[in-house]
Amino acid sequence: MTQLQNILLRILATFAASGLSVVGAGAIAGVPLWKAAMMAGIGGVAVVIEGLSRAFLDDGRLTNSEINDVFNGFDKKTKKPKSSGGGGGESSQVV
């Protein structure tokens, strides 16, 4: 798979992950399902494209490491820390 194909497929996955994450919130707020998913998907893709653009601006090329860093950074933003379930109010982060 070429680097461009990899990026495009990962952007599509980013759109899907972002869009599906707001389905419930959109229904509660009275926003049509397709609009909520579309707005969240576009927002997620915009974050990734901005990261890729910034990485490209550094030296005029994108390495696999830079691409992975951008997509991994997006994925970490979408994961929330889990509570430990103990009475201490502590939370542990997902690694």
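Only the coordinates and a few stated rules stand behind these numbers; no lab work does. Computed from a predicted structure; not experimentally measured. Glycine gets a Cβ as well: all are built from the backbone with ideal geometry, and neighbour counts include every protein chain shown.
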- [ ] Starting from the Cα of Ile49, step 7 Å along the direction of its Cβ; do the same at Thr63; then give the gap between the two resulting points in nm.
- [x] 2.6 nm
- [ ] Could you pull out which residues in segment 1-33 have an amide N less than 18 Å from a spot 7 Å beyond the Cα of Phe56, following the Cα-Cβ vector?
- [x] 2-15
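Looking at the square roots a ≥ b ≥ c of the eigenvalues of the Cα gyration tensor of segment 1-60, which shape do they give, rounded for a/c under 1.5, prolate if a/b is larger than b/c, or oblate? Working shown, then result.
Values: a/c = 4.54, a/b = 2.25, b/c = 2.02.
It is prolate, given that a/c is not under 1.5 and a/b is the larger ratio.
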